[in-house]
Amino acid sequence: MENKTIIQFFHWYISDDGNWWNYCASQAKRIAELGFTHVYLPPAYKSAFDGEPGYAVYDLYDLGEFDQKGKVRTKYGTKEEYLRCIDELHKNKLEVIADIVMNHRNGADEEELFKARPVAHENRNEFVDEEKDIHAFTKFTFPARQDKYSAFKWDFRCFSGVDKFENGGSTIYSILNEYGDKWEDVLDNEFGNYDFLMGADVEFRNEHVREELKNWGKWYIETTKIDGFRLDAVKHITPSFIKEWVNAMKEFFKKDFFCIAEYWNLDVNILFHYLDTIENCASLFDVPLHHNFHHASLEKKDYDMTKLLDGTLFKLRSFNCITFVENHDTQPLQALESPVDFWFQPIAYAVILLREQGIPTVFFPALYGASYSGDKGGQHFEINLAIVKELETLLMIRKDLAYGLQIDYLDHGNVIGWVRQGIKEKPNSGCAVLISNGDDGFKTMDLGKDNANKIYIDACGHIENEIKTDENGQGTFEVKGGSVSVWISKNK
Ligand code: CA
């Protein structure tokens, strides 16, 4: 009955010093005290590229144990440090969510010769040339691992497509294997068919591949004792395999794993379709809600706040909804860059942390800050992401007070609010949240008879005066322009 809260404990640009698992372990106590229940960690296996966060996976069995791709450790540390980090999080009663990247492989050990057909970037169903013999890196033998944990070797029959740098650009090839030259069936028809994402794109129609990935899943869970998964790039994976893999883990370990799938689409109807297709075996990140936050933050007072939750899982299918404000893909300089402007972040965090629906994810930089630099579009940028100073307060309110009946007042273009009326099991619980993206505002809201004649203060500290509820539990709460105030019982 306690509120669940996830922290995404990484961002794209953390330094490649191999100290991240140790650092995360050192923060376990603080994370738990702030009320987090789940820690989402980055991909833990060896990447093909130095410093890359782990999404360009080379070897799923190398958690920083083998001298591959130039180092034993990963960006985050060694296997021992990873296991110690998970152990430390568990000791603090935190569940650990692992990032599972199954769609593609990068950095093959050997080139192979096989038949393939180039396709158009904008329409992967359109062949731009005849079938031909190509050389491409698709053979993975993991020579330094020497078959430890698995003797499975990947070759071109394990992939549906591959990209090659040639003639000054990248060509996407559909591999002609025993499944023909057709892409796998995925739901998304972006680019005609969006099976292919990057590198050597895994062929899930190959039953040996499916078995190997299930064997790997069992090994990984047994080895690391992780509690849940964040399934990367499911838009590019045939949905039936996701269901098959999740159910296989569930059956083998006789337990339910907390499962979040990353399906990047702004259209909530497509997310519904995906959830129906996988029979709700995972929840989804609420991408449309993030997108609404992004727009609201840019449009400032012109954004109609009554529409903030429209078209989101949060509003329409909250039992499958994992909310977030920003993540490693949307942060400045990244591929899906759509940052939520800083002034709006306290508001967005209040929305995901203090409402009843969804399970919220807090992005590392919002709590810890982040500084990094990088190039985009031929320009160099220095980025400083500041700590959201209201965040610790909002987290404590989520942990202790944001319970009970929710009543909405999403009725004004600039000033919206809601109350949580509290529950008996949590003394002085309940809160009244008021948000403005325009001028100073106020609203009369109903905290219920159990909260009659109580004094309330703004926990965010923007407004100093106290507000008293009347004999029915109603109070007229205030908010400063462009901010959020969260009114809690003074007795707390
Ligand atoms: Ca794919």
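Data overview
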quantity: The range 21-37, residues that are open to solvent by 30 Å² or more (accessible area, probe 1.4 Å) and in contact with a Ser or Thr (Cβ under 9 Å, 6 or more places away or on another chain); calculated: 37
quantity: Where a residue in the range 179-198 is more than 16 Å from residue 209 (Cβ to Cβ) and of a type in the set (Ser, Thr, Tyr) and its partner, wherever it lies, is open to solvent by less than 60 Å² (accessible area, probe 1.4 Å) and within 8 Å of the ligand (Cβ to nearest atom), with Cβ under 8 Å and at least six apart; calculated: 194/186; 194/236
quantity: Among the candidates 310, 276, residue that is more than 16 Å from the ligand (Cβ to nearest atom) and outside any helix (DSSP H, G or I); calculated: 310
quantity: Pairs where the first residue, in the range 233-247, is among the hydrophobic types (A, V, I, L, M, F, W, C) and the second is within 11 Å of the ligand (Cβ to nearest atom), C-beta under 6 Å, 6+ apart; calculated: 233/103; 233/197; 237/103; 241/204; 242/234
quantity: Subset of the range 210-225 that is more than 16 Å from the ligand (Cβ to nearest atom) and among the hydrophobic types (A, V, I, L, M, F, W, C) - its residue that is most open to solvent (accessible area, probe 1.4 Å); calculated: 219
quantity: Failed condition for residue 166, given (1) within 11 Å of the ligand (Cβ to nearest atom); (2) without any contact (Cβ under 8 Å) to a residue 12 or more places away in the chain; calculated: (1)
quantity: Residue in the range 128-144 that is open to solvent by less than 30 Å² (accessible area, probe 1.4 Å), of a type in the set (D, E, K, R) and under 30 Å from residue 63 (Cβ atoms) present; calculated: no
quantity: Matching residues, the range 332-360, being within 15 Å of the chain's Cα centre (by Cα) and either surrounded by fewer than 24 Cβ atoms within 10 Å (Cβ to Cβ) or outside the structural domain of residue 266 (by TED's automatic domain parsing) (or both); calculated: 334, 335, 336, 337, 338, 339, 359
quantity: Single residue of the range 197-209 satisfying the filter (more than 17 Å from residue 58 (Cα to Cα) and open to solvent by 30 Å² or more (accessible area, probe 1.4 Å)) that is nearest to the ligand (Cβ to nearest atom); calculated: 205
quantity: Selected residue [among the aromatic types (Phe, Trp, Tyr), over 21 Å from residue 43 (Cα atoms), within 16 Å of the ligand (Cβ to nearest atom) and open to solvent by less than 10 Å² (accessible area, probe 1.4 Å)] from 173, 194; calculated: 173
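Conditions tested, residue by residue: (1) over 27 Å from residue 163 (Cβ atoms); (2) assigned to a helix (DSSP H, G or I).
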{"site": "52", "(1), (2)": "no, no"}
{"site": "58", "(1), (2)": "no, no"}
{"site": "82", "(1), (2)": "yes, yes"}
{"site": "87", "(1), (2)": "yes, yes"}
{"site": "97", "(1), (2)": "yes, no"}
{"site": "108", "(1), (2)": "no, no"}
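The values are calculated or read from the model by the stated rules, or taken from the named source; none is laboratory data. Just so it is clear, the structure is predicted and the values come from calculations on it, not from any experiment. Here Cβ is always computed from backbone atoms with ideal geometry, including for glycine, and neighbour counts include all displayed protein chains. What goes into the accessible areas is simple: the full protein's heavy atoms, side chains included, and nothing from ligands, DNA or RNA. Shrake-Rupley method; radii C 1.70, N 1.55, O 1.52, S 1.80 Å.
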